[in-house]
1. Take residue 98 and tell me if it is surrounded by 13 or more Cβ atoms within 10 Å (Cβ to Cβ), over 19 Å from residue 7 (Cβ atoms), in contact with a helix residue (DSSP H, G or I) (Cβ under 9 Å, 6 or more places away or on another chain) and modelled with pLDDT under 90.
2. With the structure loaded, tell me whether residue 139 is under 19 Å from residue 34 (Cα atoms) and modelled with pLDDT under 95 or whether it fails that test.
3. Kindly check whether there is at least one residue in region 44-54 that is assigned to a loop (DSSP other than H, G, I, E, B), farther than 21 Å from residue 135 by Cα and at pLDDT 95 or above.
4. Do we find a residue being part of a loop (DSSP other than H, G, I, E, B), surrounded by 14 or more Cβ atoms within 10 Å (Cβ to Cβ), at pLDDT 85 or above and in contact with a helix residue (DSSP H, G or I) (Cβ under 7 Å, 6 or more places away or on another chain) anywhere in region 69-80?
5. Determine whether residue 13 is more than 21 Å from residue 99 (Cα to Cα) and modelled with pLDDT of 90 or more.
6. Output the residue which, of all residues in region 14-36 that are touching a strand residue (DSSP E or B) at 6+ places or on another chain (Cβ under 7 Å) and over 15 Å from residue 146 (Cα atoms), is surrounded by the most Cβ atoms within 10 Å (Cβ to Cβ).
7. Only residues in region 86-101 that are on the phi > 0 side of the Ramachandran plot count as the first member; pair them with residues that are modelled with pLDDT of 95 or more and surrounded by fewer than 18 Cβ atoms within 10 Å (Cβ to Cβ), Cβ under 8 angstrom, at least 6 apart or cross-chain, and list the lot.
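The values are calculated or read from the model by the stated rules, or taken from the named source; none is laboratory data. Computed from a prediction, not measured in an experiment: that's the story for all the values here. Here the Cβ is made from the backbone with ideal geometry for all residues, glycine too, and neighbour counts use every protein chain on show.
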C-alpha cells in the first residue's frame with residue numbers, strides 16, 4: 001500500500017498554488033501526513049533584459065521580504081481544506097525549481113504537490129516551467145495540479 005508521511009506543497013501565493021495547497025491538505029489529512037509548505041524567494045530582481053543593470057538591494061530589503069513571506073505562510077491554509085498531522089512552513093532562497101527539489105531531498109519528502117500555471121507557446125519558452133523541471137528532477141513522486149481555466153463571458 002502506498003503511504004505518504006511527508007507531503008511538500010510549494011506556494012508562490014497565487015490562485016494556482018492555492019489550488020495545489022487545497023489538494024495537498026486533503027491528501028495530508030487522508031494519509032495522516034505531515035504537510036510542508038514552502039515559499040522560495042530569489043535575490044535576483046529582474047528589472048530589465050540586461051542582468052548587468054539590476055540594482056543591488058540592501059540586506060534589510062531581503063530580511064523584510066523573508067519576514068513578509070513567513071507571515072503569509074502562517075495564514076495560507078484554510079481549515080476547510082483538511083487538517084494535516086503536522087505542519088511545517090519554511091522560506092527558502094534560490095532558484096525555485098532547485099530550491100524545491102533540494103528541500104524535498106533534504107526533508108525526505110514522500111510526495112510533492114505543485115501547481116502548473118498552464119503557460120503555453122512563447123511564454124512557456126521564455127519563462128520555462130518550474131513544474132516541468134521539478135517533475136524531471138524531484139527525488140519523489142510529483143502530483144501536478146492545473147487550475148481550471150477561467151470562464152470566459
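1. no
2. On the way: under 19 Å from residue 34 (Cα atoms): yes; modelled with pLDDT under 95: no.
So residue 139 does not fit the description; no.
3. No, the conditions are met nowhere in region 44-54.
4. Within region 69-80, the first condition is being part of a loop (DSSP other than H, G, I, E, B), and the residues that meet it are 75-78.
Keeping just the survivors that are surrounded by 14 or more Cβ atoms within 10 Å (Cβ to Cβ) gives 76-77.
Of the ones still in play, those that are also at pLDDT 85 or above are 76-77.
Still in the list and also in contact with a helix residue (DSSP H, G or I) (Cβ under 7 Å, 6 or more places away or on another chain): 76-77.
For region 69-80, residues part of a loop (DSSP other than H, G, I, E, B), surrounded by 14 or more Cβ atoms within 10 Å (Cβ to Cβ), at pLDDT 85 or above and in contact with a helix residue (DSSP H, G or I) (Cβ under 7 Å, 6 or more places away or on another chain): present.
5. In short, no.
6. Here the answer is 28.
7. Between residues of region 86-101 that are on the phi > 0 side of the Ramachandran plot and residues that are modelled with pLDDT of 95 or more and surrounded by fewer than 18 Cβ atoms within 10 Å (Cβ to Cβ), the close pairs are 94/102.
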